[in-house]
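Worksheet: the structure to be examined is printed underneath.
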Amino acid sequence: MRLYLFIFLLFIVSKKTFSQAIPRFNPDTILTMKMDKDAVVKVGKAGLDIEDFIHEIVTDSSFYEAFKNMAKYTYNAQNSIYTFDKKNKVTGSISRKLIHNPKGNHLKIVEETTTGDLFKRNGNYQLITLELFDHIFMNAYKSAYSPASEEINDGSKNDSYKDKLKTLIFSPGKPVKGVPLISSKTEIFTANNRQYYNYAFAKGMYLDSIPVYRFKVTVKPDLGSWTADGIMIKELTTIFDQRNFQILGRYMDMKLDNLAFSFDVQMNIEMSYFGEDLLPTKVSYQGNWDVPFKKQERASFLVLHKGYNLN
């Protein structure tokens, strides 16, 4: 169950670049978004409505399809992973360069550098964060967002967990049953939960060429501490292509502290167009998590995909 909770936390969190919520080294330094401070989007009768954005967020499927489309492309992947101590000083790192070939879904590591004490004597990672990174991203290119590989599609509970996680990433705002102490906290667009959030709209440019809307949902700053502390999703920001309302990016900031566990997680996922397909180009993660009787874990990672090409 603890492993399941951590997988949940690692996945749910998809900025102009967004400001770093955790004060430490952030490998994501790529500026992709430039917002126009003077271009406020009109809403209501004079323009787009809040409901238009919310409807697209909860019904969107193309964001998920973008990950599935990776399987048919050749592309380069670059993964940077960092671990930290309690003072947020880097204790270890992994840097990898990989090439994906759609023929047989073959993934080849062409370069890898490791620093710090990241492994146990048996060769396994010291931190569950790193185990899950490999499980997710080293297999994601072949399986996690496309038909599952034999390695992880074994008919076990992990398969049902993966279905829940996909809901969390690709349809935020929907309830996720089966996650103890958390499931109801994901429904931020219900009539009851809307009272706790502010909505902000802006216009801007993505990658200097795509006109976008930014729809930001954030916790109201004037809430009482008891209410605010119980709200798990602190921010959900979604980037829309102005021309077709396609979702190009998603950022989530989540924090919670209770007797079962505590976590502070931010995750950003970005897409771009390649021919007629929308494909993921960047995934960044910053997270601290603490479970009783387990070592506190602090890590960040940056995943970049480049050079998409159909063979």
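Just so it is clear, none of the values below were taken in a lab; they were calculated from the coordinates. Predicted, not measured: the structure shown is a model, and the values here were computed from it. Methodologically, a virtual Cβ is constructed for each residue, glycine included, from the backbone with ideal geometry; neighbour enumeration extends over all protein chains shown.
Take each of the peptides 241-254, 105-118, 84-97, average the number of other beta-carbon atoms within 10 Å over its residues, and list them starting from the highest.
Values: 241-254: 19.3, 105-118: 12.2, 84-97: 15.1.
Taking the mean over residues of other Cβ atoms within 10 Å, the ranking is 241-254, 84-97, 105-118.
Highest mean packing first, where packing is the average number of other Cβ atoms within 10 Å per residue, the peptides 218-224, 297-303, 269-275, 200-206 line up as 297-303, 269-275, 200-206, 218-224.
Counting Lys and Arg as +1 and Asp and Glu as -1 over every other residue whose Cβ lies under 12 Å from the Cβ of VAL217, the net charge comes to +4. Label reach from ALA71 (point 7 Å along Cα→C-beta): in the stretch 94-127, amide nitrogens under 13 Å belong to 102-106. Along the stretch 59-72 the Karplus relation, 6.51 cos²θ - 1.76 cosθ + 1.60 evaluated at θ = phi - 60°, assigns HN-Hα couplings of 10, 4, 10, 5, 4, 5, 4, 4, 5, 5, 5, 4, 4, 8 Hz to successive residues, with x for each Gly and Pro.
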